[in-house]
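The structure appears below as structure tokens.
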Amino acid sequence: MHSWKRTRAARGERRVIVATHGSASARSAAPRRSAPRRSAFRQWCRAGALAGAHALLLALWLLLPPLAGIADAIEAIPVDPDAPKVEVTTKGELYEGRGDRLQIETAPGPDGYVGRMAVPASTPGTDPSWLVFALSNPTDERIVRWLVAPRYTLANSGVFRPELDAPRITAVTPSLGFRPELLQSDRADMFRVTLEPGQTVTYAAELASSKVPQLTLWTPKFYQAKQQDSMLFKGVLLGITGLLAIFLTAIFAANHRAI
């Protein structure tokens with residue numbers, strides 16, 4: 001009796017031991033079954049990290065050119081030899097907050113080549129604004145024009161405190177060739193611009209203030225004729241004003257004597 005009980009007890013212990021070993025083996029086998037899932041999860045994480053790194057590099061590539069102050073190429077303005085003037089302000093590009101050194105891409109030439117130019121500020125530490133434009137000579141003859149920024153005009157001069165005698169342009173820098181010659185004038189900032197046949201030149205005009213001036217490319221003879229007509233009109237207007245003042249003064253004196 002006792003031996004049978006011991007045998008049953010021994011069998012129960014064996015069963016328990018076997019069951020215990022079975023559960024341990026099942027537990028040890030469970031991670032082996034989930035190993036493919038973990039490897040797939042790791043691969044998914046790696047793919048997500050690579051995609052995020054690519055997106056970050058793309059964002060940096062898009063943001064670095066503006067931070068470096070490099071501007072895209074602009075379109076050149078063809079200069080017609082028969083046109084009396086060409087408005088430049090509306091066809092140029094304004095750059096602000098570029099520091100004391102502006103880096104831009106030049107307008108493509110006849111061969112399609114696009115270069116780069118760097119323009120330093122005339123006075124370090126001023127952080128000026130720039131008006132960039134390009135001119136092209138489609139003819140086979142040299143073209144000479146005057147780049148004029150008038151001072152005594154209400155356009156962009158301010159309404160309450162107009163700056164009528166303030167300079168507009170500090171300097172004009174070309175992408176190739178010599179700097180435009182500064183012409184003496186008390187009423188405008190004028191520069192002599194020369195374009196060789198088939199040439200395309202990019203210009204960076206350093207502004208004297210934050211206000212954008214009225215910049216026009218004039219044919220010299222038309223500009224001189226305009227100035228003469230303007231002086232004649234102002235002279236006639238001044239004469240009429242003087243005669244009107246004399247007439248009113250005479251009427252006032254006659255009425256005063258009559259009284």
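The values are calculated or read from the model by the stated rules, or taken from the named source; none is laboratory data. Computed from a predicted structure; not experimentally measured. Here the Cβ is made from the backbone with ideal geometry for all residues, glycine too, and neighbour counts use every protein chain on show.
Things to note:
- Lone qualifier among A71, A49 - being in contact with a strand residue (DSSP E or B) (Cβ under 7 Å, 6 or more places away or on another chain) and at pLDDT below 90: A71
- Where P213 falls short, out of the listed (1) crowded, with 21+ Cβ neighbours inside 10 Å; (2) without any contact (Cβ under 8 Å) to a residue 60 or more places away in the chain: (2)
- Residue count for the range 180-200, restricted to those that are among the basic types (K, R) and not in a strand (DSSP E or B): 1.
- Top-ranked residue in the range 181-210 [being surrounded by fewer than 18 Cβ atoms within 10 Å (Cβ to Cβ) and among the hydroxyl-bearing types (S, T, Y); ranked as modelled with the highest pLDDT]: T194
- Hits in the range 140-153 (condition: surrounded by 14 or more Cβ atoms within 10 Å (Cβ to Cβ) and in a loop (DSSP other than H, G, I, E, B)): R151, T153
Residues checked against (1) surrounded by 12 or more Cβ atoms within 10 Å (Cβ to Cβ); (2) touching a strand residue (DSSP E or B) at 6+ places or on another chain (Cβ under 7 Å); (3) not acidic (D, E):
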{"site": "I77", "(1), (2), (3)": "yes, yes, yes"}
{"site": "G97", "(1), (2), (3)": "no, no, yes"}
{"site": "P108", "(1), (2), (3)": "yes, no, yes"}
{"site": "S122", "(1), (2), (3)": "yes, yes, yes"}
